[in-house]
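Chemist: First the structure, which I've put down as structure tokens, then a few questions once you've had a look.
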């Protein structure tokens, strides 16, 4: 199973919005409403920020939102803040043999 | 509070073996699926192995036949036995807990333990 496709980098200025895409296939992103997103600071444990395509865990700011259309999921970070600078990964279930399929990751830079 | 404490990493020669452990607390370990995820230097996250509640396992094609995940519910411990290690297995290995929602996404991660495969 190939990794989900994410752009390697994204950037925006403080206060702006940025959207990160995550493209898979009908066997993963398109076939299940099980897309999750993670925020990862180097050297730290990743943090779940979105599950089941659009849901935020308790404590995650509503500046983080997400959606899905067909085989592509998207994460939008609104009102960019310096602390949002991190790596972001999407995941999807791809069936019982591949319960967790990661995207390649996107490095978000706040200019 | 959920806590996952990874341990067991270190330097090992190619072809060697290593056993990672993860001590879990703060949740119903017995009823929760657990995974190992790794990140090679300069690379992204890669799922390695899952151990379901009840003990059933799956692993990534890249480690199939070499790595085996297991759990000891009496000790709230997750393990990863890694054999026939290769240079490309060099990575930070994270213990991870699956959440209760659809698709059982990972909702908590350990801090990671570094495995270096080198002669």
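Chemist: Treat the count of other C-beta atoms within 10 Å as a stand-in for reagent exposure and order B:88, B:1 from fewest to most.
Modeler: Taking fewest neighbouring Cβ atoms as first place, the list is B:1, B:88.
Chemist: May I pose another question? Determine the gain in length on full extension of the stretch residue A:41-residue A:54; use 0.36 nm per residue of separation and subtract their C-alpha separation, reporting nm with one decimal. Please list the in-between numbers first.
Modeler: Details: separation 13, 0.36 × 13 = 4.68 nm, distance 2.17 nm.
That works out to 2.5 nm of additional length.
Chemist: If you don't mind, another one. Can you give the FRET efficiency for residue B:119 and residue B:3, using 1/(1 + (r/R0)^6), R0 = 41 Å, r = Cβ-Cβ distance, to the nearest 0.05?
Modeler: 0.70
Chemist: Moving to a separate point now. Give the order of B:59, A:90 when sorted by the count of other beta carbons within 10 angstrom, beginning with the fewest.
Modeler: B:59, A:90
Chemist: Within a 10 angstrom radius of the beta carbon, how do A:60, B:37, A:18, B:51 rank from fewest other beta carbons to most? Let's see the in-between values first.
Modeler: Working: A:60 16, B:37 27, A:18 19, B:51 23.
Least to most surrounded, the residues fall as A:60, A:18, B:51, B:37.
Chemist: For a protection proxy built on the mean count of beta-carbon atoms within 10 angstrom, sort B:72-80, B:5-13 highest first, please.
Modeler: B:72-80, B:5-13
Chemist: P(r) for chain A, please, calculated from all Cα pair distances in 10 Å bins and given in %.
Modeler: Each 10 Å bin holds this share of Cα pairs: 16, 50, 29, 5, 0.
Chemist: Turning to a different aspect of this structure: For chain B, what is the relative contact order in percent, using Cα pairs closer than 8 Å and at least 6 residues apart in sequence? Numbers along the way, then the final one.
Modeler: Values: 296 pairs, mean separation 41.0, N = 119.
The normalised contact order for chain B reaches 34 percent.
Chemist: Then there's this: Springs between alpha-carbon pairs under 10 angstrom, Gaussian network model over chain B: which of B:101, B:109, B:36 fluctuates most?
Modeler: B:101
Bear in mind that the values in this text are calculations on the coordinates, not laboratory data. Quick caveat: nothing in here was measured; it's all calculated off a predicted structure. Note that we place each Cβ from the backbone using ideal geometry, even for glycine, and neighbour counts take in every protein chain shown.
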